[in-house]
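*Asks:* The structure follows.
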Amino acid sequence: STKLKANAEQIELLKEQLSKAVHLYDMVRGQNGQKISFERFVQMGYLEQVTIAANERLRYLSNNQYYLQPSDRKEGNAQSGLSLDILDSFTGQARDVKSLSGGEKFNASLSLALGMADVIQSIQGSVHIETMFIDEGFGTLDEESLQKAIDTLIDLQQSGRIIGVISHVEELKKAMPAILE
């Protein structure tokens, strides 16, 4: 009877430990109040850093009009936290980045790519992203936006990066120091 009681107490202790482990597992896999897994939580932290770095360039490329910001929008049953909205400082309204025009999307994409490169290099000190290729997108830019994009790429090139551009835009070809046709 004493042994049976000791075994019953041991079973209850193990059940309690199992319950804690299952609860922790559920939290990590996203079965929690926010429906966000631990992996997504970490990704959201990186996205915030990338967004901050991207906004430094997007501010210049958009004449201080647009700023990227993480969105808590959910699409269907998917987890939230990795969507972006664009804040239009002229209207004070935030909207889905999908609503941007072609040229605006190009500037936002370029800013995000450069912001991601900056964050990767700052976090992983031994990782240096020295080469970047940009395929098209310049044809969607107006003259002023094209000049700002060219200035941004030239600044990157002068900082020691190799920037490869694939484009049919004549103004861009004229601005590049070396061309392959």
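The values are calculated or read from the model by the stated rules, or taken from the named source; none is laboratory data. Keep in mind it's a predicted model, so treat the numbers as computed, not measured. Cβ sites come from the backbone with ideal geometry, for glycine too, and all protein chains shown count toward neighbours. When the accessible area is computed, the model is the full protein with side chains, heavy atoms only, and any ligands, DNA or RNA have been set aside. Shrake-Rupley method; radii C 1.70, N 1.55, O 1.52, S 1.80 Å.
*Asks:* Using only the Cα atoms, what convex hull volume per residue in Å³ does the stretch 100-181 have?
*Replies:* 89
*Asks:* Okay, next question. Using a 1.4 angstrom probe on heavy atoms only, work out the carbon and sulfur share of the accessible area of the stretch 129-181 in %.
*Replies:* So the carbon and sulfur contribution to the accessible surface is 52 percent.
*Asks:* Just in the stretch 1-102: which trypsin sites (Lys or Arg not before Pro) are loop by DSSP and have at most 15 other Cβ atoms within 10 Å?
*Replies:* Arg29, Lys35, Arg73, Lys74
*Asks:* Can you bin the stretch 26-166 into rounded, prolate or oblate? Criterion: square roots of the alpha carbon gyration tensor eigenvalues sorted a ≥ b ≥ c, rounded for a/c under 1.5, prolate for a/b above b/c, oblate for the rest.
*Replies:* Since a/c reaches 1.5 but b/c is at least a/b, the shape of the stretch 26-166 is classed as oblate.
*Asks:* Relative to the longest principal Cα axis of the chain, at what angle does helix 2-28 sit, 0 to 90 degrees, rounded to 10?
*Replies:* So the helix axis and the longest Cα principal axis differ by about 10 degrees.
*Asks:* Met176: accessible area at probe 1.4 Å, nearest 10 Å²?
*Replies:* Surface open to solvent at Met176 totals about 40 Å².
*Asks:* So how tilted is helix 143-158 from the main axis of the chain? Cα-based, degrees 0 to 90, rounded to 10.
*Replies:* 70
*Asks:* Calculated from DSSP H runs of 4 or more alone, at -39500 (n - 2.57) each and per residue, what is the 222 nm mean residue ellipticity of the chain, nearest 500?
*Replies:* -18000 deg cm²/dmol
*Asks:* Next up: Report, ordered by chain and residue number, the lysines lying within cross-link reach of Lys174, taken as a straight Cα distance under 18 Å and ignoring same-chain residues fewer than 8 apart.
*Replies:* Lys148
*Asks:* Any idea what the relative contact order of the chain is, in percent, if you count C-alpha pairs under 8 Å spaced at least 6 apart?
*Replies:* 16
*Asks:* Probe radius 1.4 Å, ligands and nucleic acids left out: which of Ser159, Ser111 has the largest accessible area, and how do the rest follow?
*Replies:* In descending accessible area the options line up as Ser159, Ser111.
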